[in-house]
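Here is the structure we will look at.
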Amino acid sequence: MRQAAVREHVKKKFKGKQTLQSKVHPHQPESVEREYQRVTNAYMRLLSKLVTDTMIPEIRKAAKAELPPDYYRHDDMDDLYRRLERAFEKCEKELERKARSFDLYKRISEVAALTVKLSIKDWKRMVKETVGIDLLEDYYNGDFFKRALEEWTRENVDLIKTIPHQQLDKMREIVLEGYRNGTTTTKIVKAIQKEYGTGRSHARLIARDQISKLNSEITHKQQQDAGVQEYIWSDSGDSRVRSGHHRLNGKKFRWDDPPVVDERTGRRCHPGEDFQCRCVAIPVFDIDTLDL
Ligand SMILES: [Zn+2]
């Protein structure tokens, strides 16, 4: 719509005021977070299967065949280490092979598309209920979204891919260190399984962080494209909110001038951009700049 026509159309809603805060509160797309987690969990299961089916049996076999009878004070265990190294190389190759057929890129790009879909739905409600305009379904299909989504997808694929590899490295360390220190095979196996659990919770944190970042990027673009220059910072209101963000809660800021979130370093950002941030930006519509 032309800007002047928009102004005429929404005049009643503004009731003579210059700005109007969104009547709908934006929310973090938690259902997409869960979808992202489903993908990472499935990806991580490639490793867990490898650990159970290949790694642990190989370690047990190697220990049985090569562990010297006076293991606890023996320091010549080269044969065992060589055999373990070979077992880990085998696992690494197997992981590569399985990962290739997983199609992580496709699954993560579906998560990205879903984030956009929910974000648009949220935005349409905010616009409709606040200024009374119905946005078309194909309102957003510009190059920006395509590019931003591709970039986000690529970065996330790289991020997720590194987790099982890092874990494999860590497991290798646990095993070699364990035998070097005279730990029993049973304890070593337990430590490996525990390490796998750590990787899973790491993946969960990534999901929350990355979805929030993407959502924040989309929100920023949507609002600015519509001529929204200001927003109200809104924290999630629970105990996990960091003090630097809570301080900003309820205050108005500009999209072209992010507030300081860390007074010590002077670092600035918008809601949702910080690590694990769950804050959102409530748009403040201005009758003179509104452009829908
Ligand atoms: Zn926050």
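Bear in mind that the values in this text are calculations on the coordinates, not laboratory data. The model shown is predicted, which means the values in this text are computed figures rather than measured ones. Cβ sites come from the backbone with ideal geometry, for glycine too, and all protein chains shown count toward neighbours.
Brief remarks follow.
- Hypothetical label at Glu195: residues of segment 159-178 whose amide nitrogen lies under 14 Å (7 Å Cα-Cβ projection): 163-178
- Kirkwood radius and radius of gyration were both taken over the C-alpha atoms of segment 190-232, and their ratio Rg/Rh is 1.38.
- The Arg264 and Asp53 beta-carbon pair, evaluated with R₀ = 35 Å, returns a calculated FRET efficiency of approximately 0.10.
- log10 of Debye I(q)/I(0), alpha-carbon scatterers only, for segment 1-57 at 0.21 Å⁻¹: -0.86
- Relative intensity, log₁₀ I(q)/I(0), of the chain from a Debye sum that treats every alpha carbon as a point, q = 0.07, 0.09, 0.13, 0.16 Å⁻¹: -0.40, -0.59, -0.91, -1.17
- Remark: the Lys170-Asp256 segment gains 26.7 nm on full extension, using 0.36 nm per residue and subtracting the alpha carbon distance.
- Simple point charges give the picture: +1 on the Cβ of Lys and Arg, -1 on the Cβ of Asp and Glu, and for segment 3-286 a dipole about the Cα centre of about 920 debye.
- Rounded to 0.05, the FRET efficiency of the Thr186 and Ser101 pair, given R0 = 35 Å and the Cβ-Cβ distance, is 0.55.
- Each of Val175, Gly272, Ile192 was scored by the projection of its Cα onto the charge dipole of segment 3-286, and the greatest displacement toward the positive side belongs to Gly272; charges sit on the C-beta of Lys, Arg, Asp and Glu.
- When the trypsin sites (Lys or Arg not before Pro) in segment 21-89 are filtered for DSSP coil states and for at most 15 other beta-carbon atoms within 10 Å of their beta-carbon, the remaining sites are Lys23.
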